[in-house]
Amino acid sequence: MKALILAGGFGTRLRPLSCTRPKILFPIGNKPLIEWTLQKLSKFGVSEVIFAVNYRAEDIQKFCGNEKYGIKISYSYETSPMGTGGPIKLAEKILNLGEDEELLILNGDIFSDVDFGKLGDFHKNHSTMHDTVLTITLFEVEDPSRYGVVELDEIGKILRFVEKPKEKPVSRLINAGIYATNKKIFGYLKDGKHSIEKEVFPILAEKGLLYGFKHEGLWVDIGKIEDFMLANFKILEQVSNDKPQLAENVEINSKAKIIPPVIVGSNVKIDEKAKIGPYVVVGDDVLIGENCKIKNSILFGKSTINAGCKIKNSVLGEKVFLGKNVKVGKGCIIGDHAVLADNIKIAKKVTVCPYKEVEDSILKPKNVF
Ligand code: GDD
Ligand code: MG
């Protein structure tokens, strides 16, 4: 089976961290999202993956190369963003699907444990019985309004598809951004920029050619910072419920306190009386000074957090430098290479762009460009 991964989004809701990396390279439990996805695809027997890329394509190519986990990897490049329909049509030739060959299409920013095997079987059965062109994985959420919403009948046929409905949503079942399809889909896509959700799914639903496969379990679209943090928190609970997960060469002072769930990357040093956790991921090569307190936060890696810093409910990018006694309040996002001077306080919901130097306290929500 082949898979096409849509990986060209700008990740605007993840700025400023997405200014320096594409969404699929954001870390979940210290491992880039795409690694989780490729590992799962490999487990389900996918032998070939094509990435539809545009924004920061070179980062993706550099990281994934031409082969990972036994999967052959190729790239379909757009010169400008083509939405979610255009890139699929553009990849038609590279995909070169056989007559009955199945294709998985994934939104690259999804972190889930969807059973790709069951999805593929569901689609195969329904395309034989009902001529189904595409099967959408569905997931139930509390607030469906920021997703594609479906109305489903008892046998799994999608009667209606509405992308990000403005009116009251028809159900709480949403498009989970994971599809099984085959060659037939190309007949419904046009060349150039368009949205598969707005322009193609409603038509397929009207013609009775769109089916839904319900998923229950883990599912997060990491495209919003709160949800990116949630994906990390879910992994923290899975791997470190009562004991911290430590990579190699971690040095923790005997007077430091680690409160699980906590994941610590390699070559990390945690000094005396530091208190780390609960719900903290520390990336590789991070130095945490004495008396620091960090909770509910994600630190990407290669950062220096000097003595006496306090960080809560925040995300710090790579190579961030916090001087002594810096306080980072709830909901802050600190871009790569940012430098925060000694003794300053960054109140809640402050975002700092990459490479910025912050000299003074910021006491109200603000974006530092
Ligand atoms: N190659 C390419 N080119 N990929 C793109 C482009 C583009 O121009 N624009 C977006 N993408 C990729 C994104 O990187 C992401 O992996 C996927 O397409 C979906 O785009 P998002 O911008 O993340 O859309 P969304 O999250 O608002 O909505 C989509 O996902 C929801 C599930 O999380 C829709 O498919 C909804 O219907 C769905 O419910
Ligand atoms: Mg998304």
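Results, tabulated for the structure shown:
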read-out: Residue match in region 44-66 (condition: over 20 Å from the mean Cα position of the chain (by Cα) and either within 16 Å of ligand 1 (Cβ to nearest atom) or more than 29 Å from Gly212 (Cβ to Cβ) (or both)); value: yes
read-out: Single residue of Ile288, Ile294 found to be in contact with a Gly (Cβ under 8 Å, 6 or more places away or on another chain) and within 27 Å of Cys19 (Cβ to Cβ); value: Ile294
read-out: Filter result for Leu210 (more than 16 Å from ligand 2 (Cβ to nearest atom) and open to solvent by less than 20 Å² (accessible area, probe 1.4 Å)); value: yes
read-out: Residues of region 202-234 satisfying the condition of being within 11 Å of ligand 1 (Cβ to nearest atom) and in contact with a Leu (Cβ under 6 Å, 6 or more places away or on another chain); value: Val220
read-out: Hits in region 213-247 - residues which are of a type in the set (A, V, I, L, M, F, W, C), under 23 Å from Val264 (Cβ atoms) and open to solvent by 20 Å² or more (accessible area, probe 1.4 Å); value: Leu218, Ile225, Met229, Leu230, Phe233, Val239, Leu246, Ala247
read-out: Residue count for region 105-133, restricted to those that are more than 16 Å from ligand 2 (Cβ to nearest atom) and either closer than 20 Å to Gly208 by Cα or part of a loop (DSSP other than H, G, I, E, B) (or both); value: 17
read-out: Sole residue being modelled with pLDDT of 95 or more, open to solvent by 80 Å² or more (accessible area, probe 1.4 Å) and among the small types (Gly, Ala, Ser), chosen from Ser266, Ser254; value: Ser254
read-out: Sole exception among (1) away from ligand 2 (no atom under 16 Å from the Cβ); (2) open to solvent by 60 Å² or more (accessible area, probe 1.4 Å); (3) in contact with a Phe, Trp or Tyr (Cβ under 9 Å, 6 or more places away or on another chain) for Phe161, by number; value: (2)
read-out: Test result for Ile174, within 16 Å of ligand 2 (Cβ to nearest atom), open to solvent by less than 10 Å² (accessible area, probe 1.4 Å) and more than 21 Å from Leu38 (Cα to Cα); value: yes
read-out: Pair list, Cβ under 9 Å, 6 or more apart: region 159-181 residue in contact (Cβ under 8 Å) with a residue 12 or more places away in the chain and of a type in the set (Asp, Glu), other residue within 16 Å of ligand 2 (Cβ to nearest atom) and outside any loop (DSSP other than H, G, I, E, B); value: Glu163/Gly148; Glu163/Val149; Glu163/Asn175; Glu163/Glu197; Glu163/Lys198; Glu163/Phe201
read-out: Which numbered condition Ser297 misses (of (1) under 15 Å from Val358 (Cβ atoms); (2) open to solvent by less than 30 Å² (accessible area, probe 1.4 Å)); value: (1)
read-out: Set Pro169, Pro87, Pro81: member being within 16 Å of ligand 2 (Cβ to nearest atom) and modelled with pLDDT under 95; value: Pro81
read-out: Yes/no for Glu199 being of a type in the set (D, E, K, R) and over 21 Å from Leu6 (Cα atoms); value: no
read-out: Residue in region 67-91 that is most open to solvent (accessible area, probe 1.4 Å), counting only those that are in contact (Cβ under 8 Å) with a residue 12 or more places away in the chain and more than 14 Å from ligand 1 (Cβ to nearest atom); value: Lys72
read-out: Residue satisfying all of: in region 14-42; farther than 19 Å from Lys234 by Cβ and not hydrophobic (A, V, I, L, M, F, W, C); nearest to the chain's Cα centre (by Cα) among these; value: Pro22
read-out: Criterion violated by Met1 - all others in (1) within 25 Å of Gly192 (Cβ to Cβ); (2) at pLDDT below 95; (3) of a type outside the set (Val, Ile, Thr) satisfied; value: (1)
read-out: Where Thr12 falls short, out of the listed (1) in contact (Cβ under 8 Å) with a residue 24 or more places away in the chain; (2) within 16 Å of ligand 2 (Cβ to nearest atom); (3) open to solvent by 50 Å² or more (accessible area, probe 1.4 Å); value: (1)
read-out: Inter-residue pairs, beta-carbon under 7 Å, first over 26 Å from Phe233 (Cβ atoms) and in region 109-135, second away from ligand 1 (no atom under 16 Å from the Cβ) and modelled with pLDDT under 90, 6+ apart; value: Thr132/His126; Thr135/His126
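The values are calculated or read from the model by the stated rules, or taken from the named source; none is laboratory data. All figures in this text were calculated on a predicted structure; none of them were measured in a lab. Please note: Cβ atoms are built from the backbone with ideal geometry, for glycine as well, and neighbour counts cover all protein chains shown. Each accessible area value is taken on the protein alone, full model and side chains, heavy atoms only, with ligands, DNA and RNA left out. Shrake-Rupley method; radii C 1.70, N 1.55, O 1.52, S 1.80 Å.
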